[in-house]
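K.L.:
Before anything else, here's the structure in question.
The values are calculated or read from the model by the stated rules, or taken from the named source; none is laboratory data. As the structure is a prediction and not an experimental result, all values here were calculated from the model. Counting neighbours? That spans all protein chains shown, and the Cβs are built from the backbone with ideal geometry, glycine included.
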Amino acid sequence: MTPGADTVVAEFDAGTARGAPAPWWLKIAAKIVLSRVLPSYKARRRLRISVHSFGANYGGNPEVLRREIDMYTQRTGRPPESLLELGPGDSVANALHAAAAGVGSIWLADTDDFATSDMAQYRRIVERIAQHQPQFPDRVDLTSRAAMLASVNARYLTGGTASLRAIPDRSIDLAVSYAVLEHVRRGEFGQLFAELHRVLAPSGLAFHWVDLMDHLGGRLDNLRLPAWLWESAWFASSGFYTNRLRFSEMMAHARGAGFATSVPSLARWPLLPTPRTAMATEFAQFDDEDLRIANFGLLLWHRARDGSITGGQTRGGDA
């Protein structure tokens, strides 16, 4: 599957690396040891030796979230009344930003309770919002994280994909995630998309920014190892797991769940950053065009039962 003709495509610098300048195999070994010595993510985070990848801060993503809210409003003619964020990570700050944008019902879902309970962090966010909305602090209870979430009608689910069952059918106008889909266990990916399809309103939109680079050095060194090892429990629980699904596979999952799809943006390497000869045999089926995709934006909405697309099209969309 190739991106749509209107997809904004950017070349990604194959020489760009991220994280500590160490070999990929050394990073895997170090993270496996670290996850056994300090099994608590919050303990590792306090020592600044393990953080969630996107943003890695407590302030949320107000500009990015505002962009998605504006996109929904432009497409439907009204602002979203309900929002779901998958994988908020270290902070539930986006609940505050969504409430400030007028969203009345907010859901946040993650695989565990990773979000900080440090109310000083949230108080600073409320103060920044108050610079533009002076009345906003009056509606936010900052006595505790639970009280704060309740005051903006936000619920924080921490049971992974299964916890999405708490969300009513077709009740979400806008769903978002940022560098999250690649972390969903491969065996749960189909279930996640089925749940997203169930909860998304008939006129709803879902936007996901997906990072297909490895979380070792920003290349494709995670494709070197066979599935039996990579998907093992002791690898998957060590802080570097991604499901290694490629662009074409994620698009197939989305369409199989009943979504119409669009790819507004995409970044790719000019050449494979990891030699094909070094990859495990299960990745031989993918052509270079698929493997060269480093990250992309994915927009989803309901496909009508007759096969047409509800709500029209966006750039790079289905025909």
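Table: residues versus (1) more than 13 Å from the chain's Cα centre (by Cα); (2) in a strand (DSSP E or B).
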{"position": "R155", "(1), (2)": "yes, yes"}
{"position": "A162", "(1), (2)": "yes, no"}
{"position": "R170", "(1), (2)": "yes, no"}
{"position": "D173", "(1), (2)": "yes, yes"}
{"position": "G190", "(1), (2)": "yes, no"}
{"position": "E195", "(1), (2)": "yes, no"}
{"position": "A206", "(1), (2)": "no, yes"}
{"position": "W209", "(1), (2)": "no, yes"}
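K.L.:
I'm trying to understand the selection: among the residues of the range 212-241, which are part of a loop (DSSP other than H, G, I, E, B), small (G, A, S) and more than 23 Å from E289 (Cβ to Cβ)?
P.N.:
Going residue by residue through the range 212-241, those that are part of a loop (DSSP other than H, G, I, E, B) are 212-220, 225-226, 231-232, 237-241.
If we keep only those that are small (G, A, S) as well, we get 217-218, 232, 237-239.
Across the range 212-241, the qualifying residues are S232, S237, S238, G239.
K.L.:
What are the residues in the range 273-290 that are within 16 Å of W230 (Cβ to Cβ) and part of a helix (DSSP H, G or I), if any?
P.N.:
A278, T281, E282, F283
K.L.:
Residue check, E182 against (1) in a helix (DSSP H, G or I); (2) closer than 22 Å to T7 by Cβ; (3) over 15 Å from the mean Cα position of the chain (by Cα), all met but one. Which one?
P.N.:
(3)
K.L.:
Could I ask something else about it? Report the residue count in the range 189-237 for those that are hydrophobic (A, V, I, L, M, F, W, C) and in contact with a His (Cβ under 8 Å, 6 or more places away or on another chain). It would help to see each step written out before you state the result.
P.N.:
Here is the first cut: in the range 189-237, the residues hydrophobic (A, V, I, L, M, F, W, C) are 189, 192-194, 196, 199-201, 205-207, 209-210, 212-213, 216, 220, 223, 225, 227-230, 233-236.
From what's left, in contact with a His (Cβ under 8 Å, 6 or more places away or on another chain): 189, 193, 200.
Counting residues in the range 189-237 that are hydrophobic (A, V, I, L, M, F, W, C) and in contact with a His (Cβ under 8 Å, 6 or more places away or on another chain) gives 3.
K.L.:
Does the range 76-86 contain at least one residue that is closer than 27 Å to D169 by Cα, among the basic types (K, R), modelled with pLDDT of 70 or more and out of contact with any Lys or Arg (no Cβ under 6 Å at 6 or more places or on another chain)? First the steps, then the outcome.
P.N.:
Taking the range 76-86 and keeping what is closer than 27 Å to D169 by Cα, we get 76-86.
Add one more test, that the residue is among the basic types (K, R), and what stays is 78.
The next check asks that each one be modelled with pLDDT of 70 or more; those that pass are 78.
Checking the rest, the ones that are also out of contact with any Lys or Arg (no Cβ under 6 Å at 6 or more places or on another chain) come to 78.
Scanning the range 76-86 turns up at least one residue that is closer than 27 Å to D169 by Cα, among the basic types (K, R), modelled with pLDDT of 70 or more and out of contact with any Lys or Arg (no Cβ under 6 Å at 6 or more places or on another chain).
K.L.:
Related question: Which pairs turn up if I take residues in the range 217-237 that are more than 15 Å from P275 (Cα to Cα) and look for partners that are part of a helix (DSSP H, G or I) and at pLDDT 95 or above with beta carbon separation below 6 Å, at least 6 apart in sequence or on another chain?
P.N.:
Listed pairs, sorted by first residue: A227/E282.
K.L.:
Of the conditions (1) part of a loop (DSSP other than H, G, I, E, B); (2) modelled with pLDDT of 95 or more; (3) aliphatic (A, V, I, L, M), A115 clears all except one; give me its number.
P.N.:
A115 satisfies all of (1) part of a loop (DSSP other than H, G, I, E, B); (2) modelled with pLDDT of 95 or more; (3) aliphatic (A, V, I, L, M) except (2).
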